[in-house]
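Here's the structure we're looking at; comments come further down.
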Amino acid sequence: MGLFTTPIKTLDDLFLHTLKDIYYAEHQITKALPNMIEKTTNPSLRDEFSHHLQETHEQIRRLEQVFGLLNEQASGVTCEAIDGIIAEAKQVISDVGDPKVLDAAMASSAQAVEHYEISRYGTLIALAKQLGHTNVVGPLKATLDEEKAADRKLTELSETQINRQAA
Ligand SMILES: [Fe+2]
Ligand SMILES: [Fe+2]
């Protein structure tokens, strides 16, 4: 996965670049989540992370389907934004001693990831529609819905359990 791809000249180039960006990001997320599953002491948060890890594997498969529908080879480009979010999450995880505060910190970091993904899939859907790639809107929308649901679930867990237990 390279940092620099072919120059982005057209909206189609931008669409493909964004697709490669999120393909890279989803792979990084599958590498980051197992550590968070291991570190959390909250069973509901662990279930949510585990559930979302499974979804993320399926999202990668879905992206490969999208590349295929566009007659493109599935490949990634380094996404410095997700690398930064994950690096920051790792830093916070290593800095927090209290396990309950750590749960709150991990839920917070996970929501930063979800919001990044929501913005990317939102853009991809808008570009796909504009470019007439109507056949890929369905799979992109399916993933967007999962990212939004994960974000909502993390808000709910934070408000009902995690933040209270950490306070
Ligand atoms: Fe994802
Ligand atoms: Fe996600």
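Just so it is clear, none of the values below were taken in a lab; they were calculated from the coordinates. These figures come from a predicted structure and were not determined experimentally. Note that each Cβ is placed from the backbone with ideal geometry, even for glycine, and that neighbours are counted across all protein chains shown.
Does E38 satisfy the condition of being touching a residue at least 40 places away in the same chain (Cβ under 8 Å) and either loosely packed, with under 14 Cβ neighbours inside 10 Å or part of a helix (DSSP H, G or I) (or both)? Criteria not met by E38. Per the conditions (1) closer than 24 Å to T123 by Cα; (2) more than 16 Å from ligand 2 (Cβ to nearest atom); (3) part of a helix (DSSP H, G or I); (4) of a type in the set (S, T, Y), the sole criterion not satisfied by T6 is (3).
Just name the residue that is surrounded by the fewest Cβ atoms within 10 Å (Cβ to Cβ) out of those in segment 46-63 that are within 12 Å of ligand 1 (Cβ to nearest atom) and of a type in the set (S, T, N, Q). Of everything passing the filter in segment 46-63, Q54 is surrounded by the fewest Cβ atoms within 10 Å (Cβ to Cβ). Just to be sure before I move on: is I118 in a helix (DSSP H, G or I), closer than 30 Å to Q165 by Cα and either within 14 Å of the chain's Cα centre (by Cα) or among the hydrophobic types (A, V, I, L, M, F, W, C) (or both) in the structure I sent? In short, yes. Just one of the listed residues (E117, E159) is surrounded by 15 or more Cβ atoms within 10 Å (Cβ to Cβ) and among the acidic types (D, E), namely E117. Of the numbered criteria (1) under 17 Å from I37 (Cα atoms); (2) within 14 Å of ligand 2 (Cβ to nearest atom); (3) out of contact with any Phe, Trp or Tyr (no Cβ under 9 Å at 6 or more places or on another chain), the one A87 fails is (2).
Entry remark, segment 135-153: residues being farther than 18 Å from E64 by Cβ and out of contact with any helix residue (DSSP H, G or I) (no Cβ under 7 Å at 6 or more places or on another chain) number 3 in total.
The set of residues in segment 52-76 that are hydroxyl-bearing (S, T, Y) and away from ligand 2 (no atom under 11 Å from the Cβ) contains only S75. For segment 68-81, state whether one or more residues are crowded, with 16+ Cβ neighbours inside 10 Å and in a helix (DSSP H, G or I). Looking through segment 68-81, none of the residues is crowded, with 16+ Cβ neighbours inside 10 Å and in a helix (DSSP H, G or I).
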